[in-house]
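The structure appears right after this line, and notes come after that.
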Amino acid sequence: MKRSFIKFIMAIVLVTIAFNSFGQEFGWRGPGRTGIYNETGLLKTWPAAGPALIWEAEGIGMGYSSATVTNVAVYITGVRGDKDVLTAFTQDGKKKWDVEYGTMSKVNSYPESRCTPTVLKDKIFVISGSGELSCISTSGKLIWNIDYFTKYKCTVPRFGVSESPLVVDNKVIVTTGGPVAAMVAFNAENGKVVWETPSLNEGMQYVNPLLVEQNGKKVIVTNIPTWIIGVNAADGKLIWKFNFGSVNADGKGGKNYIHTPIYKDGFVFSANGYGQTSAKIKVNTDGSEPTLVWKNPDINPHVGGMVLIGNYLYSSTHDNNNMGRYICVDWNTGKTMWITLWNNKGSIAAAEGLLYIFEEKGGNVVLVRPNSEKFDVISSFKFPKGEGPHWSHPVIDKGRLFLRHGDYMAVYNIKAK
C-alpha cells in the first residue's frame, strides 16, 4: 500500500513538472486546454439542492469567460462601462484588486468579456474585446500592453475578439489573421515581437489555440476561416494546414469556429456549430498534408466545448440558437453513439471520470456519468443568480466547482468528506 501511494504521488509530481515546462500553468479549460481537470476525491453525487456554497462574488463585470484559479488566487474578466476589467480574489473570496486592461468589443452582439486569463508564474495575460494584449502582474500592475489589432490591421470578426492567449516557452501567442500575419508571438517579459507567421490572407476566428507536442516538436493548432493549421511554436513557421472548409462544403451555416480542437496520438478533432460538419484528421510534423480520418455532421457544439473520455467524445449539438442536445461519438470510428435532449445545450468539462455540464438557458448544473449507451444523469441543481446566457465553462480546482453567470460568480464545495 505504501509503495503504491508513493508511486501515485511521484506520478502526480512528474505530470505537474512536465506540464509546467510545456506551456502555461493556468488558464482556459484547465491542463492542456482539454477541459479535463486533474482532481481526485470529489463527490460522486450531489444533494438535491446542489453542493454547498463556499463563497460568491457579484459585480465582477458582465462576461462569458471562465475563472482562472491558481495556487494563490482566482482571476476573472468582465466588462464595466466600456472597459474590460480583470479582478483578482483570494482563495476564500476576498477581493484583492481589479484593473482595466482595454476597451470592450464594439460589436452589437454579445460584446461582454470572453477572455479567460492565462497565468504563468507572476504574470497574467489577457486580451480585450478590441484586440489589446496586456501583461499584468499578480499584484495588479500593468507591465505592458500592445494594440495588436491595429498593428496587424486585423478585421473585426462578427462577434468581436474572443481569444484567451496561449503562453509557451516565455512567448505569448495570439491569432491575428489579416494581411500582415496569421499568428504572432510576443515576448512575455516585454511584449516585443518574437516571430510572425506569414499571412494566409484570412481573418481571425474565436478559437483559443491548442498547444500539442508531437515527435519532440511543440505545435500550435487552431482554426482560421478555411483551414485548421499547425504552427511551429519555436519559430512561427507553418508546418501543415488542412482545408476544413472542404469538409463543410456539404453543410450549411456560417463559418464561426469557436472550440479549441482536441488532440490525441497524432490526430486532431475539430467541431463547431452553425450546421457545420466535424472532422478528425491525421497530422504529421514533417510538413506533409494532413489526411481526413472521418467526419460527422451530428457533433456540432455551439459554445460549450467538448471532452474526450477514453475512446468517446462528449459534447452537444447546435440545433439552433435556442436549442441543442447532448451527444456521444466514438473517437476511433466517428460513429454517433447517442443524441439526447436534456433541457438544453451547455458547456462541458470533466474531472475524476465524471462530466460537469452548465446548461446555457436555464442554468441547470448537471453531474453526468460518461456512458457510451446513454446520457446518464447522476445529480443536478439550478444556478441561482446572474443574467444573460450561461456560456461560461465550469472550472474545477482543489475540490471546488467555479461557475459564472453574467457579473456573478459562485464557488461550490464538491470535495468528498
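Quick check on my filter: what residues within the range 127-144 are farther than 25 Å from Asn232 by Cβ and either charged (D, E, K, R) or surrounded by 16 or more Cβ atoms within 10 Å (Cβ to Cβ) (or both)?
Ser128, Gly129, Ser130, Glu132, Ser134, Ile136, Thr138, Lys141, Ile143
Do you know which residues across the range 189-201 are among the charged types (D, E, K, R), in contact with a strand residue (DSSP E or B) (Cβ under 7 Å, 6 or more places away or on another chain) and assigned to a loop (DSSP other than H, G, I, E, B)?
Correct list: Lys192 only.
Taking the residues in the range 61-82 that are without any contact (Cβ under 8 Å) to a residue 40 or more places away in the chain and under 26 Å from Thr155 (Cβ atoms) as candidates, determine which candidate is surrounded by the fewest Cβ atoms within 10 Å (Cβ to Cβ).
The qualifying residue surrounded by the fewest Cβ atoms within 10 Å (Cβ to Cβ) is Gly81.
Among the residues of the range 312-364, what is the count of those that are part of a loop (DSSP other than H, G, I, E, B) and under 15 Å from Thr34 (Cβ atoms)?
3
To keep it simple, each residue is scored yes or no on (1) of a type outside the set (Asp, Glu); (2) touching a strand residue (DSSP E or B) at 6+ places or on another chain (Cβ under 7 Å); (3) farther than 24 Å from Phe267 by Cβ.
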residue	(1), (2), (3)
Asn320	yes, no, yes
Met323	yes, no, yes
Cys328	yes, yes, no
Asn343	yes, yes, yes
Lys361	yes, no, yes
Val366	yes, yes, yes
Phe375	yes, yes, yes
Phe381	yes, yes, yes
Gly386	yes, yes, yes
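If Ile299 passes every condition in (1) among the hydrophobic types (A, V, I, L, M, F, W, C); (2) part of a loop (DSSP other than H, G, I, E, B); (3) within 14 Å of Asn223 (Cβ to Cβ) but one, which one does it miss?
For Ile299, the exception is condition (3).
I'd like to know if the range 377-398 contains one or more residues that are assigned to a strand (DSSP E or B), modelled with pLDDT of 95 or more and surrounded by 22 or more Cβ atoms within 10 Å (Cβ to Cβ).
The answer is yes; a qualifying residue exists.
Since Tyr326 meets every condition but one in (1) farther than 29 Å from Lys241 by Cα; (2) touching a residue at least 24 places away in the same chain (Cβ under 8 Å); (3) out of contact with any Ser or Thr (no Cβ under 6 Å at 6 or more places or on another chain), which condition does it not meet?
Here Tyr326 meets the rest and fails (3).
Tell me which residues, restricted to the range 91-126, are surrounded by 24 or more Cβ atoms within 10 Å (Cβ to Cβ) and at positive phi.
Gly102
Step by step: first the residues of the range 176-188, then only those that are out of contact with any Leu (no Cβ under 9 Å at 6 or more places or on another chain) and either outside any strand (DSSP E or B) or aromatic (Phe, Trp, Tyr) (or both), then the one that is surrounded by the most Cβ atoms within 10 Å (Cβ to Cβ). Which residue is that?
Among those residues, the one meeting the criterion is Thr176.
Within the range 131-160, which residues are assigned to a strand (DSSP E or B) and not aliphatic (A, V, I, L, M)?
Ser134, Cys135, Ser137, Trp144, Asn145
For the range 374-388, state whether one or more residues are under 19 Å from the mean Cα position of the chain (by Cα) and among the aliphatic types (A, V, I, L, M).
There is no residue in the range 374-388 that is under 19 Å from the mean Cα position of the chain (by Cα) and among the aliphatic types (A, V, I, L, M).
Go over the candidates Ile299, Ile357 one by one and state the one that is within 18 Å of the chain's Cα centre (by Cα) and more than 30 Å from Lys398 (Cα to Cα).
Unique residue meeting the criteria: Ile299.
Among the residues of the range 365-376, which ones are buried (at least 18 other Cβ atoms within 10 Å of the Cβ) and outside any loop (DSSP other than H, G, I, E, B)?
Val365, Val366, Leu367, Val368 - these are the residues of the range 365-376 that are buried (at least 18 other Cβ atoms within 10 Å of the Cβ) and outside any loop (DSSP other than H, G, I, E, B).
For the range 62-130, which fully contained strands (runs of 3 or more DSSP E) count at least 3 residues that are of a type outside the set (Val, Ile, Thr)?
Ranges flagged: 73-80, 83-90, 95-103.
Determine which member of the set Val172, Val221 is over 22 Å from Ser130 (Cα atoms), assigned to a strand (DSSP E or B) and modelled with pLDDT of 95 or more.
Val221
Free of Cβ contacts under 8 Å to residues at least 60 places away in the same chain, under 21 Å from Gly245 (Cβ atoms), of a type in the set (Ser, Thr, Tyr) and surrounded by 16 or more Cβ atoms within 10 Å (Cβ to Cβ), is that true of Tyr263?
Criteria met by Tyr263.
Rundown of residues vs (1) closer than 18 Å to Leu292 by Cβ; (2) surrounded by 24 or more Cβ atoms within 10 Å (Cβ to Cβ); (3) modelled with pLDDT of 95 or more, yes/no style:
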| site | (1), (2), (3) |
| --- | --- |
| Pro225 | no, no, no |
| Ala249 | yes, no, no |
| Lys252 | no, no, no |
| Phe267 | yes, no, yes |
| Ala271 | yes, yes, yes |
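Does Thr90 fit the bill of being out of contact with any Cys (no Cβ under 7 Å at 6 or more places or on another chain) and either at pLDDT 95 or above or of a type in the set (Val, Ile, Thr) (or both)?
yes
The values are calculated or read from the model by the stated rules, or taken from the named source; none is laboratory data. Computed from a prediction, not measured in an experiment: that's the story for all the values here. Note that we place each Cβ from the backbone using ideal geometry, even for glycine, and neighbour counts take in every protein chain shown.
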